[in-house]
Amino acid sequence: MARSAVKVAISLPPEDFQEMERLRRKFKASRSAVVRQALRTYFQLRRQQALVRQYVEGYRKYPESPGELAGFEQAQLDAFPLEKRK
């Protein structure tokens, strides 16, 4: 099955264009390949940031109770018994 591509035209500040050209030459890649990789990296970063925000919001809404924290501490000590002796 053939993949299709959508062409887009973008405007870049000269310094961004020069950086893209430097990367393109360094990696022997096309401009399209550099922009594709940059977008994929950006999209992945945004997804990771969203997951971290959800994680933080969850703990703000439902923080651990002192009893849970004590249980976690005990589990750590049980998992690493030599640490108890210090």
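Of note:
- Residue-wise HN-Hα couplings along the range 19-33, as the Karplus relation 6.51 cos²θ - 1.76 cosθ + 1.60 with θ = phi - 60° gives them from phi, are 5, 4, 5, 4, 5, 4, 5, 4, 9, 6, 10, 7, 4, 4, 5 Hz; Gly and Pro carry x.
- Residues Arg25 and Ser65, FRET efficiency given R0 of 41 Å [Cβ-Cβ distance, rounded to 0.05]: 0.10
- Per-residue Cβ neighbour rank within 10 angstrom, fewest leading, Val8, Val56, Val34: Val8, Val56, Val34
- A Förster distance of 35 Å, applied to the separation of the beta-carbon atoms of Gln54 and Gln76, puts the FRET efficiency at 0.90.
- Nearest-ten-degree value, helix 66-79 long axis tilted from longest Cα axis of the chain: 90
- Going through (1) 83, 38, 16; (2) 31, 30, 23; (3) 60, 37, 32, the figure that equals Cα extents along the principal axes in Å as computed for the structure here is (3).
- Sites listed here are GluC sites (Glu not before Pro) in the range 6-86 whose DSSP assignment is loop and whose Cβ has at most 11 other Cβ atoms within 10 Å: Glu64.
- With a Förster radius of 22 Å applied to the C-beta separation of Val6 and Arg40, the computed FRET efficiency comes to 0.90.
Where a number appears in this text, it was derived from the coordinates with a stated rule and is not lab data. Keep in mind that this is a model prediction, so the values were computed, not measured. For neighbour counting, all protein chains shown are included, and Cβ atoms are generated from backbone atoms with ideal geometry for every residue, glycine included.
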